[in-house]
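Data first, discussion second: the structure below is written as C-alpha cells.
The values are calculated or read from the model by the stated rules, or taken from the named source; none is laboratory data. It should be emphasised that the depicted structure is a prediction, and the values quoted were computed from it without experimental measurement. Positions of Cβ are backbone-derived with ideal geometry, glycine not excepted, and every protein chain shown enters the neighbour counts.
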Ligand code: XMP
C-alpha cells in the first residue's frame with residue numbers, strides 16, 4: 001500500500017532516471033512547495049541541481065534571509081540569490097489593478113529568473129512545485145468559460161522559452177501531503193508547517209498601488225499579527241493568516257492628537273486545500289489584543305478590522 005516513504009523513494013528514482021547526467025534549475029520561493037521540491041531533488045541528484053531565489057521585495061519581514069540561510073548554509077544546495085526588489089517596486093509603480101500587478105510580477109519574475117539561469121550556464125530541466133489543486137484550477141480556468149478568477153503566475157511559459165523540460169514531483173499531491181513529504185525529508189517543522197504564501201506576495205495584500213512605505217507598514221503589522229497567533233497557539237489550526245493594508249485612511253485620536261492613518265484588515269481562514277475556506281472564529285479578546293498592539297506599535301495604522309468573509313463568495317486573498 002501507498003506510503004509517503006515509498007512515494008519519496010519512487011520520485012527520487014524517477015527524477016534520477018529522467019535527469020540522467022543533465023542539469024536542473026529550481027525556483028525557490030520560500031514557500032513549502034518549492035522547498036520540498038528543492039530538498040527532494042537535492043537528495044536525488046545533488047550538485048546537478050541549482051536553485052534560484054528571486055527576491056521580489058514582496059516577501060514578509062526576514063523571509064529572504066531565512067531562505068538563503070536554510071538552503072545555502074544548512075542544506076548546502078547551490079543557490080543563486082538575486083535581490084530584485086527595486087526592479088519589482090519600480091515596475092509596479094502606479095499600478096493598482098490586481099491582475100495587472102500579477103502579470104507584471106509574473107513577467108518580471110520570468111525575466112529575472114531567465115537571466116540568472118543563463119548566468120549559471122542554463123539547464124536541461126526546470127523543477128516546479130506545482131500541486132494537484134494548481135493543476136485542476138488552471139485547467140478549469142482555461143478550459144471552462146473564459147473566466148479567469150486569478151492568474152496564478154508560478155513560471156508558466158518559461159520552460160518553452162528556455163527549451164527546458166518540466167519536472168513536477170508534487171503534481172499528484174495536496175498541500176497536507178506535501179507537508180508530510182517535507183517532514184519525511186527532514187525539513188524543519190516550523191518550515192513545513194508554514195502557511196501558504198502567494199507568488200505575488202505582499203503586492204496583492206496592498207489593494208491600490210504598491211509603495212515602499214506601504215510595504216513597510218504592512219510588514220510591520222504582519223509581524224505583530226502572526227506573533228500573537230503563534231503565542232496563542234493558533235498557528236497550526238489556521239490555513240492562512242495575514243494582514244491587508246487598505247488604501248483608506250481614517251480619522252483617529254491618540255493621546256490628545258488627531259490621527260489620519262491607514263486601516264488594516266486582519267484575515268484568517270481554515271481550509272484543507274485553499275479551494276474553499278471559512279473565516280477563523282477568534283475570540284474577541286484575541287482580536288482586541290491584536291488591534292491594540294498594531295495601532296500602538298505600527299506607525300501608519302490607526303484602525304483595525306476583521307474580515308469575516310468565507311470562500312466562496314470571497315477569495316482568501318483580497319486581490
Ligand atoms: P484565493 O485568494 O484565490 O487563493 O482564494 C487561494 C490560494 O492561492 C493563493 N494565491 C496565489 N498563489 N499566485 C500564487 O502562487 C497567485 O497569484 C495567488 N493568488 C492567490 C492564496 O494565497 C491561497 O493560498
note = Within region 181-193, the residues that are surrounded by fewer than 19 Cβ atoms within 10 Å (Cβ to Cβ) and modelled with pLDDT of 90 or more are 183, 184, 185, 186, 188, 189, 193
inquiry  = Can you tell me how many residues within region 21-37 are away from the ligand (no atom under 16 Å from the Cβ) and under 14 Å from residue 168 (Cα atoms)?
reply    = 2
message = Step by step: first the residues of region 21-63, then only those that are out of contact with any strand residue (DSSP E or B) (no Cβ under 9 Å at 6 or more places or on another chain) and assigned to a loop (DSSP other than H, G, I, E, B), then the one that is farthest from residue 274 (Cα to Cα). Which residue is that?
response = 21
message = I'd like to check something: does region 6-19 contain any residue that is buried (at least 23 other Cβ atoms within 10 Å of the Cβ) and under 25 Å from the mean Cα position of the chain (by Cα)?
response = no
inquiry  = Criterion first (within 16 Å of the ligand (Cβ to nearest atom) and at pLDDT 95 or above) does residue 217 satisfy it?
reply    = no
note = Only one of 174, 109 is modelled with pLDDT under 95 and in contact with a strand residue (DSSP E or B) (Cβ under 8 Å, 6 or more places away or on another chain), namely 109
ask   = Looking at region 205-319, what strands (runs of 3 or more DSSP E) fall wholly within it and have at least 3 residues that are under 23 Å from the mean Cα position of the chain (by Cα) and in contact (Cβ under 8 Å) with a residue 40 or more places away in the chain?
value = 240-254, 257-270
message = Please verify whether residue 57 is at pLDDT 95 or above, on the phi > 0 side of the Ramachandran plot and assigned by TED's automatic domain parsing to the domain that holds residue 126, treating the condition exactly as stated.
response = yes
query = Right, residue 117: at pLDDT 90 or above, more than 10 Å from the ligand (Cβ to nearest atom) and crowded, with 17+ Cβ neighbours inside 10 Å or not?
reply = yes
inquiry  = When the residues of region 273-299 are narrowed to those that are in contact with a helix residue (DSSP H, G or I) (Cβ under 7 Å, 6 or more places away or on another chain) and closer than 19 Å to residue 204 by Cβ, which ends up nearest to the ligand (Cβ to nearest atom)?
reply    = 274
task = Determine whether region 80-96 contains at least one residue that is under 24 Å from residue 172 (Cβ atoms) and buried (at least 16 other Cβ atoms within 10 Å of the Cβ).
result = no
Some residue of region 257-272 being loosely packed, with under 13 Cβ neighbours inside 10 Å and in contact with a helix residue (DSSP H, G or I) (Cβ under 8 Å, 6 or more places away or on another chain) = yes
